[in-house]
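Since every read-out is calculated from the coordinates, none of them should be taken as a lab result. A quick note: this is a predicted structure, and the numbers were derived from the prediction, not measured. Positions of Cβ are backbone-derived with ideal geometry, glycine not excepted, and every protein chain shown enters the neighbour counts.
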Amino acid sequence: MFPPKVQRLLRVLHLRAACCCSSSSSSSSSSSRLVLGIETSCDETGAAVLDESGDILGESLHSQKEVHLRSGGIVPTVAQRLHREHIERVVQEALTRSDVDPSRLAAVAATVKPGLALSLAVGLEFSRGFVRRHGKPFIPIHHMEAHALTVRMLQPVAFPFLVLLVSGGHSLLAVARGVADFLLLGRNLDEAPGDMLDKVARRLSLIEHPACSRLSGGQAIELLAEGGDGKRFAFSTPMARTLDCSFSFAGLRNQVTVAIVKKEAEEGVARGTPLSCANDIAAAAQHAVACHLARRTHRAILFCKANNLLPPSGPTLVLSGGVASNRYVRKTLSVIAETAGLRLLCPPGEFCTDNGVMIAWNGVERLRAGEGILPPGVDVRYEPKAPLGVDLTAEVKAAAIRLPPVKLEIN
């Protein structure tokens with residue numbers, strides 16, 4: 001027999017795959033408050049209905065990945081059009097699969113910040129109309145808060161804990177002290193890691209590679225890196241001399257681009273044709289990204305310990321967001337966590353990427369805590385750029401914490 005937390009995860013995954021509500025879930029949810037979550041922050045249109053225990057009663061997700069792969073990147077106007085075309089269907093499918101009438105909902109939660117403005121606008125407009133039509137409370141959701149709290153849906157994780165959130169649009173380090181209480185230790189200053197990896201994949205023309213034609217940029221980099229020699233290219237870790245916890249990936253991308261241009265000239269191939277050494281470049285770039293994330297996280301851990309921001313016994317590091325699905329990144333962060341004496345937790349890959357489940361769960365958490373619950377008629381605006389929590393980045397930089405040497409394996 002599996003331990004309770006594993007049984008619960010298997011039940012969640014089963015419900016996700018089946019997309020229907022079992023009789024046991026129906027009976028348990030009849031006395032539990034239900035939340036509908038709606039996600040449209042970027043290029044995924046997601047909706048899900050959860051009960052207070054975190055059981056997924058029904059969900060639906062429409063991915064725009066195929067469309068944006070063909071265009072070489074996310075086009076905001078296209079993303080907006082696709083959200084508009086699919087959001088009503090996606091929400092209705094989630095409700096139908098959960099066998100939940102809108103009248104039974106305790107609240108509706110929707111992403112309102114941060115993200116692509118045109119995408120956020122679609123989700124907010126639909127959600128506001130929905131809550132007014134059905135007279136339900138509305139819970140505006142911060143997208144990164146949702147990523148941070150997803151792990152608590154799957155297993156007991158007490159506050160406070162350190163969280164590293166890495167995705168296509170964001171990278172940040174924060175201490176989660178409560179459902180709506182975060183201390184920001186570091187954030188990306190330019191490109192996010194997922195965006196950087198996507199751009200490298202495009203510059204390597206990996207969509208033309210037979211093994212990568214249907215994969216996102218980050219997925220293609222990870223796949224090729226498995227068979228690559230990352231030691232063949234020496235990309236320096238960004239901001240190595242800057243003693244803070246913020247992130248920068250634009251300079252690293254430039255290093256990789258210079259290497260690609262040089263190898264194209266050496267091999268005599270035109271841009272648009274994959275290089276013979278593409279897997280080696282992918283491995284080296286992925287390693288540099290993972291090392292940058294790991295070293296900033298290590299400094300954040302030392303800052304937290306010096307300032308008693310984490311419990312002395314059994315402190316936890318949570319890794320979440322789309323880039324957290326990368327197995328090499330997870331492995332590298334596990335080295336840092338083990339070295340510093342933290343437990344590393346990461347949701348399964350399908351819960352790291354954007355979806356309606358994490359938004360609904362954030363709604364459940366806020367409903368329980370009585371945080372940020374608005375009546376249906378209150379005017380809410382979306383915020384494409386929105387910080388998370390209280391900003392302590394200046395204090396972290398002032399601490400100027402130097403890192404002890406830690407060997408981060410490659411390949």
Amide H contacts under 5 Å for ARG187, restricted to residues at least 5 apart in sequence or on another chain and with H modeled in the peptide plane, are LEU173, SER246, PHE247
Would you mind finding the longest exposed-site-free stretch of the chain, with exposed GluC sites (Glu not before Pro) meaning DSSP loop and at most 15 other Cβ atoms within 10 Å? 1-225
So how strong a dipole does the range 40-181 carry about its Cα centre when Lys and Arg Cβ are +1 and Asp and Glu Cβ are -1, to the nearest 20 debye? 380
Using only Cα atoms, tell me the angle between helix 327-340 and the longest principal axis of the chain; keep it within 0 to 90° and round to the nearest 10. 90
In the chain, once you exclude exposed trypsin sites (Lys or Arg not before Pro) (DSSP loop, at most 14 other Cβ within 10 angstrom), what's the longest stretch remaining? 1-213
Quick one: putting +1 on the C-beta of Lys and Arg, -1 on the C-beta of Asp and Glu, what dipole do you get for the range 164-289 around its Cα centre, in Debye to the nearest 20? 140
Note on the range 75-208: alpha-carbon gyration tensor, axes a ≥ b ≥ c; rule is a/c under 1.5 for rounded, else prolate if a/b larger than b/c, else oblate; result oblate
Give the long-range amide H neighbours of LEU344: residues separated by 5 or more places, or on another chain, with amide H under 5 Å away, using H modelled in the peptide plane at 1.01 Å from N. LEU317
Have a look at the DSSP beta bridges in the range 72-191 and tell me what percent are antiparallel, nearest 5. 70
Charge tally for neighbours of ALA117 with beta carbon under 15 Å away, counting Lys, Arg as +1 and Asp, Glu as -1, is +2
For the range 207-214, Karplus couplings with θ = phi - 60° (6.51, -1.76, 1.60), whole Hz, Gly/Pro x: 5, 8, 7, x, 7, 10, 4, 10
Once the Cα atoms of helix 250-267 and of the chain are each reduced to a long axis, what angle between those two axes, in degrees from 0 to 90 to the nearest 10, is obtained? 50
Quick one: check the C-alpha center-to-center distance for the range 388-402 versus the range 119-147, whole angstrom. 32
Using a Förster distance of 45 Å, how high is the FRET efficiency between GLN155 and VAL261, based on the Cβ-Cβ distance and rounded to 0.05? 0.45
Positive-end residue, the range 52-119 charge dipole about Cα centroid, Cβ charges, pick of PRO76, ALA106, SER119: PRO76
Which of SER213, SER334 has the fewest other C-beta atoms within 10 Å, and how do the rest follow up to the most? SER213, SER334
Expressed as a whole-number percentage, the relative contact order of the chain with C-alpha contacts under 8 angstrom and at least six residues apart is 22
Taking the Cα centre of the chain as the origin, how large is its charge dipole in debye, to the nearest 20, when only Lys and Arg (+1) and Asp and Glu (-1) carry charge on their Cβ atoms? 620
With the dipole of the range 228-307 defined by +1 on each Lys or Arg Cβ and -1 on each Asp or Glu Cβ, the option from GLY272, GLY251, ALA294 whose Cα lies farthest towards the positive pole is ALA294
For PRO376, the net charge from surrounding residues (Cβ-Cβ under 10 Å; K, R +1; D, E -1) works out to +4
Along the charge dipole of the chain, pointing to its positive end and built from +1/-1 on Cβ of Lys, Arg, Asp and Glu, which listed residue (LEU206, SER32, VAL175) has its Cα farthest out? VAL175
Global form of the range 296-365, assessed from the alpha-carbon gyration tensor, a/c cut-off 1.5: oblate
I want to check a number: in the chain, how many lysine pairs have alpha carbons closer than 20 Å, given a sequence separation of 8 or more or different chains? 10
What does the charge count near PHE182 come to, summing +1 for each Lys or Arg and -1 for each Asp or Glu among other residues with Cβ under 11 Å from its Cβ? -2
Note the angle between two axes, namely the Cα long axis of helix 193-203 and the longest principal axis of the Cα atoms of the chain, as a number of degrees from 0 to 90, rounded to the nearest 10. 60
